[in-house]
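K.L.:
Have a look at this one.
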């Protein structure tokens with residue numbers, strides 16, 4: 001029998017009724033959720049799902065909230081690590097690492113970018129050398145959100161320097177709580193410190209913590225990056241107002257996670273504030289300001305419709321692909337335009353901070369945060385190359401070092 005939204009809702013409600021207890025520990029509840037296949041119902045039954053169509057994930061998440069229950073954890077584990085591990089395996093990695101992500105036992109961070117390998121991510125030089133049953137890791141990563149409290153890191157490391165740079169990279173699940181891993185916070189120009197730099201000095205990774213196969217980590221990383229380009233759209237979950245251990249723990253978990261991202265709305269330009277800002281500044285009747293606001297909101301609406309089409313594609317079972325670059329570019333363009341409009345409205349006062357400034361300093365934070373939008377998750381230039389080559393079929397950008405052994409390429 002083909003599943004329908006109505007039948008899925010009814011079956012979920014029938015299961016939640018006798019099983020949901022807000023007084024239960026949150027992890028115990030999520031163990032039940034995973035065992036019943038309701039954590040991510042589109043996943044195969046073997047991997048804690050129900051083999052349902054892609055649309056079931058969003059539907060079930062919304063229904064759990066409506067029924068007053070709690071869903072899967074927030075964070076990079078569910079958003080990036082889990083779908084990557086599910087897609088590439090191997091099975092023994094899936095068996096060890098997927099369930100603790102679903103229950104919230106393990107949290108994750110992303111260890112991709114390096115000081116000398118940002119846009120040219122394949123030029124990374126952090127090394128992992130096999131020593132018996134462990135990989136020994138040395139090097140440095142940067143711009144690592146939540147690395148200070150993550151249990152595992154999605155690490156890209158070079159395991160074969162004799163291979164061309166897009167090969168010889170392995171995707172490792174690195175345990176973060178060990179002496180060879182040092183995490184240092186990075187202070188941003190907007191005053192926040194949500195990113196870190198991470199240093200590895202003979203850090204250890206179990207031999208079998210390779211996602212995919214050793215030397216083919218670039219292909220695995222592309223899956224993570226495709227999911228990352230839609231991660232910025234995530235919103236904090238809304239939990240039932242009732243009290244109970246599971247609900248209280250879920251609220252605390254979400255609050256801790258999203259505190260790191262508190263400045264992300266400013267990074268995206270705060271389009272939601274432009275009309276209110278214009279009225280507060282007495283410039284809402286200025287025809288030039290009105291025209292600029294109309295143009296900005298038009299850009300945002302078009303982007304939202306594009307995102308809806310992409311969401312429908314994912315619901316039909318398709319993995320995210322190069323079309324995610326369209327959304328990433330649109331988000332950058334909207335953020336820059338929003339910063340321009342806010343600056344037009346506020347003038348020089350937009351640079352002021354403190355309680356007497358525009359929106360308590362939010363406008364100033366927009367102006368200094370928006371540049372990050374064009375860098376994080378792959379620069380605008382990288383997204384344009386992806387679209388040109390993978391979607392439009394244009395000739396690839398010249399890469400003279402593509403087939404050279406990494407040890408012979410120019411770096412830095």
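Readers should treat all values here as calculations from the given coordinates under stated rules, not as data from a laboratory. Every value quoted in this text rests on a predicted model; they were computed, and no experiment measured them. Here Cβ is always computed from backbone atoms with ideal geometry, including for glycine, and neighbour counts include all displayed protein chains.
K.L.:
Relative contact order for the chain using alpha-carbon pairs under 8 Å, separation at least 6, rounded to a whole percent? Let's see the in-between values first.
P.N.:
Details: 691 pairs, mean separation 64.9, N = 412.
It comes to 16 percent, rounded to a whole number.
K.L.:
Put one equal scatterer on each alpha carbon of region 180-311, apply the Debye formula with no solvent term, and list log10 I(q)/I(0) at q = 0.12 1/Å to two decimals.
P.N.:
-0.87
K.L.:
Then there's this: For the chain, what is the convex hull volume of its Cα atoms per residue in Å³?
P.N.:
Values: hull volume 69.6 nm³, N = 412.
It is 169 Å³ per residue.
K.L.:
Taking a ≥ b ≥ c as the square roots of the Cα gyration tensor eigenvalues, with a/c under 1.5 meaning rounded and otherwise prolate when a/b beats b/c, else oblate, which class fits region 114-159?
P.N.:
Values: a/c = 2.67, a/b = 1.17, b/c = 2.29.
Verdict is oblate for region 114-159.
K.L.:
Is region 108-218 rounded, prolate or oblate when judged by the Cα gyration tensor, a ≥ b ≥ c being the square roots of its eigenvalues, rounded requiring a/c under 1.5 and prolate requiring a/b larger than b/c? Kindly include the intermediate steps, with their values, before the conclusion.
P.N.:
Working: a/c = 2.15, a/b = 1.41, b/c = 1.52.
Because a/c hits 1.5 or more and a/b fails to exceed b/c, region 108-218 counts as oblate.
K.L.:
Sorting check: for 72-80, 215-223, which peptide has the highest mean count of neighbouring beta carbons within 10 Å, and how do the rest follow? Numbers along the way, then the final one.
P.N.:
Values: 72-80: 23.3, 215-223: 20.1.
Peptide ranking by packing, descending: 72-80, 215-223.
K.L.:
Among 352-359, 251-258, how do they line up by average Cβ neighbours within 10 Å per residue, starting with the highest? Provide the component values of the computation, followed by the final result.
P.N.:
On the way: 352-359: 13.2, 251-258: 15.4.
Result, highest mean first: 251-258, 352-359.
K.L.:
How many angstrom separate the Cα center of region 129-158 from the Cα center of region 62-97?
P.N.:
21
K.L.:
While we're looking at this one, here's another question. Based on the mean of other beta carbon atoms within 10 Å per residue, what is the order of 122-132, 13-23, most packed first?
P.N.:
On the way: 122-132: 17.8, 13-23: 13.5.
Final packing ranking: 122-132, 13-23.
K.L.:
Mean separation of Cα pairs under 8 Å and 6+ residues apart, divided by the residue count of region 36-145: what relative contact order is that in percent?
P.N.:
On the way: 129 pairs, mean separation 18.0, N = 110.
This gives 16 percent for region 36-145.
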